[in-house]
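Below is one structure, written out as structure tokens; comments come after it.
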Amino acid sequence: MGTWGENMRQALREQKRREKNPHKFVSKAEKRRFENDPERAKAIRKRHYLSIGGLRCPNCDSPSIICERFKEVEIQKGSELQRKVKCENCLSKWTEIYTLTNMILKEDEK
């Protein structure tokens, strides 16, 4: 373990690295740390995918993804929209789920 100053410098270097490449999944050290814990790695990939708005593959980080049309699915308190997504680079497949989170009420026109 380094001194406080060394730790701060390391943290600042890491922050700058992430700012330069915000779409990168995780560092090599983080990948090694989760090699033996696939559930945790899956959770990290999911969190990253959601944080960048679903613009890149959660497995290989490629921007080459293909989305199908939305399909409405009935659930107990309303409905949700789902669409299947596929990565052209690594051929991974997943489903995106959209639910109603907000609405804007338009004032009555007079």
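The values are calculated or read from the model by the stated rules, or taken from the named source; none is laboratory data. Quantities reported herein were computed from a predicted structural model and do not represent experimental measurements. Cβ sites come from the backbone with ideal geometry, for glycine too, and all protein chains shown count toward neighbours.
Enumerate the helices (runs of 4 or more DSSP H) found wholly within the stretch 1-71, keeping only those where 2 or more residues are hydroxyl-bearing (Ser, Thr, Tyr) and modelled with pLDDT of 75 or more.
Working: elements: 4-20, 28-33, 38-51.
Fully inside the stretch 1-71 and qualifying: 38-51.
For residues that are surrounded by 12 or more Cβ atoms within 10 Å (Cβ to Cβ) and farther than 17 Å from Pro63 by Cβ, tally how many sit in the stretch 84-97.
The total comes to 1.
If you check Lys106 against the conditions, is it farther than 30 Å from Ala11 by Cα, modelled with pLDDT of 80 or more and not acidic (Asp, Glu)?
Details: farther than 30 Å from Ala11 by Cα: yes; modelled with pLDDT of 80 or more: yes; not acidic (Asp, Glu): yes.
Spelling it out, Lys106 is indeed farther than 30 Å from Ala11 by Cα, modelled with pLDDT of 80 or more and not acidic (Asp, Glu).
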